[in-house]
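This report concerns only the one structure given below.
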Amino acid sequence: MIKIEHLVKNYGANCAVDDISFEVEEGEIVGFLGPNGAGKSTTMNILTGYLSSTSGKALIAGVDILADPIAAKRQIGYLPEQPPLYPDMTVEEYLNFNYDLKGCKLDRRAHLEQICETVKIKDVRHKVIRTLSKGYRQRVGIAQALVGNPKVIIFDEPTVGLDPKQIIEIRNLIRGLGKEHTVILSTHILQEVQAVCDRIVIINKGKIVANEKTENISNVVADNRRFHVKIAGPQKEILSMLRSMPGIAYADALAERDGDAYTYLVESDFGVDIRKKLFYQLSERGWPMIGLESLGMNLEDIFITVVDKSEEHKSGRIAQTERTKRRGSKEKASLERELGANLYENAQRRRMESSLEEGEDD
Ligand code: ADP
């Protein structure tokens, strides 16, 4: 439904979008994620026909936005970060205005009624926009994007500035829209992608650094690999047991102490759920496990990882440990593993850096 092919945008000597290609299938909700200055807005602006590209193509439902902007724009509903509202109009007037502006041919009454139903603004239809809450104004912004029933809806940072309740409502609304429309939304909020999107495209410094189904990312997020384990007993011996236990990739003792119990950071090998084995082994030795907290991976870790990865691999900064090398040769490449391995390397590097900074010898 959306096809971006070798898209390049230069601002003078600055290359804002550097030869990116990706596709969004019909009915998919794709999150376009990246740090500030990554090239998100530039890409969105090209997609919506607001900017021209230096080279490459952007196709909406098969129509080239540069070659036939009017036909392509008919297929797009766009909600910019600042919704283009006229605060002195009522919601009803504003939607009618948009209907006329777009030259919509659908039955006016039924179509606008349907939109108000979908975005749940029927109760404020006759209110002046300036009197509405930010959440409602955002809904009205979404309503204007739906006028003309476009196949593709593009949202730029759709929940910025909303309160937590409004954020959940707008995310649910977007999820619902994904049933009938193809949706692309740009965001810097990682949880948003996880909550709403089927696929995630991450851009950094004008280049795509990840393009994956959210569930693949979520598997890593939900991965039972990192724990804080609180164990009663002699710290040195417990740590040495943890470090020598097959299935554990990394173990360290934390400063936290609770009576005769210490907390340890434990990371298992890929695909290994170490919890039960750890419980039995500790119990055999008479060292009771009195707490186990899964740390998981948050999207921030993943985000930093994929962004770091492209840079570090370029500059060759990652020094692989023997264990990671062995693991790498044993296992097939997949995003999950790759991200996991990379997270592991990153975690190790960060730990090394922080212990160097703190002057600890490990
Ligand atoms: P994002 O939306 O991810 O924050 P942008 O697409 O706005 O990123 O910007 C990408 C890069 O292009 C940045 O380095 C930014 O400074 C630059 N840039 C954006 N707009 C312009 C412009 N109109 N003129 C010159 N440089 C620009």
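The values are calculated or read from the model by the stated rules, or taken from the named source; none is laboratory data. The model shown is predicted, which means the values in this text are computed figures rather than measured ones. We place every Cβ from the backbone using ideal geometry, glycine too, and count neighbours over all the protein chains shown.
From the list PRO69, PRO84, which one is more than 26 Å from GLU26 (Cα to Cα) and touching a Gly at 6+ places or on another chain (Cβ under 9 Å)?
Going through PRO69, PRO84 in turn, the sole match is PRO84.
If you go through segment 99-121 one residue at a time, do you hit one that is free of Cβ contacts under 8 Å to residues at least 40 places away in the same chain, part of a helix (DSSP H, G or I), closer than 23 Å to ILE184 by Cβ and in contact with a Leu (Cβ under 6 Å, 6 or more places away or on another chain)?
Checked against the condition, which is being free of Cβ contacts under 8 Å to residues at least 40 places away in the same chain, part of a helix (DSSP H, G or I), closer than 23 Å to ILE184 by Cβ and in contact with a Leu (Cβ under 6 Å, 6 or more places away or on another chain), segment 99-121 yields at least one hit.
Restricting to segment 50-60, and then to whatever is at pLDDT 90 or above and out of contact with any Asp or Glu (no Cβ under 9 Å at 6 or more places or on another chain), can you tell me which residue is surrounded by the most Cβ atoms within 10 Å (Cβ to Cβ)?
ILE60
Taking the criterion of being of a type in the set (A, V, I, L, M), touching a Ser or Thr at 6+ places or on another chain (Cβ under 7 Å), surrounded by 14 or more Cβ atoms within 10 Å (Cβ to Cβ) and at pLDDT 95 or above, would at least one residue in segment 118-126 satisfy it?
no
Can you find a residue that is within 16 Å of the ligand (Cβ to nearest atom), among the acidic types (Asp, Glu), buried (at least 16 other Cβ atoms within 10 Å of the Cβ) and closer than 25 Å to GLY39 by Cα anywhere in segment 138-157?
Yes; the residues of segment 138-157 include at least one that is within 16 Å of the ligand (Cβ to nearest atom), among the acidic types (Asp, Glu), buried (at least 16 other Cβ atoms within 10 Å of the Cβ) and closer than 25 Å to GLY39 by Cα.
Checking the structure you have, find out if any residue of segment 3-15 is within 16 Å of the ligand (Cβ to nearest atom), basic (Lys, Arg) and surrounded by 17 or more Cβ atoms within 10 Å (Cβ to Cβ).
yes
If SER53 meets every condition in (1) within 14 Å of the ligand (Cβ to nearest atom); (2) touching a residue at least 60 places away in the same chain (Cβ under 8 Å) apart from one, which number is that one?
Failing condition for SER53: (2).
Kindly indicate which of ALA222, ALA253, ALA195, ALA249 is of a type in the set (Gly, Ala, Ser), away from the ligand (no atom under 16 Å from the Cβ) and at pLDDT 90 or above.
ALA253
Among the residues of segment 81-98, which ones are closer than 25 Å to MET44 by Cβ, outside any loop (DSSP other than H, G, I, E, B) and free of Cβ contacts under 8 Å to residues at least 40 places away in the same chain?
PHE97, the sole residue that qualifies.
Take residues that are touching a helix residue (DSSP H, G or I) at 6+ places or on another chain (Cβ under 8 Å) and closer than 18 Å to THR43 by Cβ and tell me which of the strands (runs of 3 or more DSSP E) falling wholly in segment 142-232 contain 3 or more.
152-156, 182-187, 199-204, 207-213
Filter segment 245-279 down to residues that are among the hydroxyl-bearing types (Ser, Thr, Tyr) and either closer than 16 Å to ALA232 by Cβ or loosely packed, with under 15 Cβ neighbours inside 10 Å (or both), then give me how many there are.
Residues flagged as among the hydroxyl-bearing types (Ser, Thr, Tyr) and either closer than 16 Å to ALA232 by Cβ or loosely packed, with under 15 Cβ neighbours inside 10 Å (or both) within segment 245-279 amount to 3.
Going through LEU190, LEU173, LEU242, LEU177 one at a time, which residue ends up being within 16 Å of the ligand (Cβ to nearest atom) and either crowded, with 22+ Cβ neighbours inside 10 Å or in the same structural domain as PHE22 (by TED's automatic domain parsing) (or both)?
LEU190
Of the residues LYS207, LYS213, which is within 16 Å of the ligand (Cβ to nearest atom), surrounded by fewer than 18 Cβ atoms within 10 Å (Cβ to Cβ) and in the same structural domain as LEU79 (by TED's automatic domain parsing)?
LYS207
Quick check, is GLY34 within 12 Å of the ligand (Cβ to nearest atom), more than 20 Å from GLY161 (Cβ to Cβ), crowded, with 22+ Cβ neighbours inside 10 Å and of a type outside the set (A, V, I, L, M)?
In short, no.
Determine whether segment 66-77 contains at least one residue that is within 16 Å of the ligand (Cβ to nearest atom), more than 26 Å from GLU212 (Cα to Cα) and not in a loop (DSSP other than H, G, I, E, B).
Among the residues of segment 66-77, not one is within 16 Å of the ligand (Cβ to nearest atom), more than 26 Å from GLU212 (Cα to Cα) and not in a loop (DSSP other than H, G, I, E, B), which makes the answer no.
Go through segment 16-31 residue by residue and tally those that are closer than 26 Å to ARG74 by Cα and near the ligand (Cβ under 9 Å from one of its atoms).
Counting residues in segment 16-31 that are closer than 26 Å to ARG74 by Cα and near the ligand (Cβ under 9 Å from one of its atoms) gives 1.
Within the set of pairs 6 or more residues apart or between chains, which connect a residue that is small (Gly, Ala, Ser) inside segment 254-274 to a residue that is part of a strand (DSSP E or B) with Cβ atoms less than 7 Å apart?
ALA261/LYS230; ALA261/ILE231; ALA261/ALA232; ALA261/ILE290; SER268/ILE248; SER268/ALA249
Here's a check for you: in segment 4-54, which residue that is out of contact with any Gly (no Cβ under 7 Å at 6 or more places or on another chain), assigned to a strand (DSSP E or B) and small (Gly, Ala, Ser) is farthest from VAL201 (Cα to Cα)?
By that ranking, first place goes to SER21.
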